[in-house]
Amino acid sequence: MISAQDVAKLRAKTDAGMMECKKALVECDGDFDKAVDWLREKGMAKAAKKSDRIASNGRVGMYNHMNQGQICVMVEVNCETDFVSKTDKFVELVNNIAMHIAAARPQYLTREDVPAEVLDKEKEIARAQAREEGKPEAILDKIVEGRIEKFYKEVCLNDQQYVRNPDITITDLVNEATMQTGEKIAIRRFVVFEVGEGMEKRNWNE
């Protein structure tokens, strides 16, 4: 049986898509090294080879939810050439990522962007919850690790499940675009504007 951990390990090694990694492991009867070779032979691991290349072109995309002017997302997605940045496929990718951000509301781009104090607080909460649930002390670290992994998937854009296809993550989506275009593609930054965000709301019933 192919486990989710095996698929994640292969994806980390090759940067291939999640579904491709699972297929590779199935085809290779769970043999990790053979699965790596299988992906390379199929050309699905080439996104990893492009990770150190410079992507200085690209596009800034915007998404205005239902054109109501209440929520607006701006995202910068980079590629290597001006040619690719002007293609319909790339424009569609940028627009889809902006739409995803509006729907999923990530707080950070990558795991590395999560401030240490925020991560420490989440670990503290996760440990306290596990103790409150009566979990044995011996497995608290493992439980905290699992809950932090879930936290990353909720708040980090690259780790989120793509809203239009929950079978893949945003990282998978970008890697697939990299394989299709033959260029390194990367999300550089994003920002979300929402009317009234952070402001005290007046209670008109008072």
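Every read-out reported here was derived from the displayed coordinates using simple, explicitly stated rules and does not represent laboratory data. Everything quoted here is computed from the prediction, not taken from an experiment.
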- In terms of modelled amide H atoms, which long-range or inter-chain residues lie less than 5 Å from the amide H of residue 189? 76
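I'd like to know how the chain sits against the 2.2 N^0.38 Å rule of thumb: what's its Cα Rg over that expected value?
Details: Rg = 19.9 Å, N = 206, 2.2 N^0.38 = 16.7 Å.
Computed over Cα atoms of the chain, the ratio equals 1.19.
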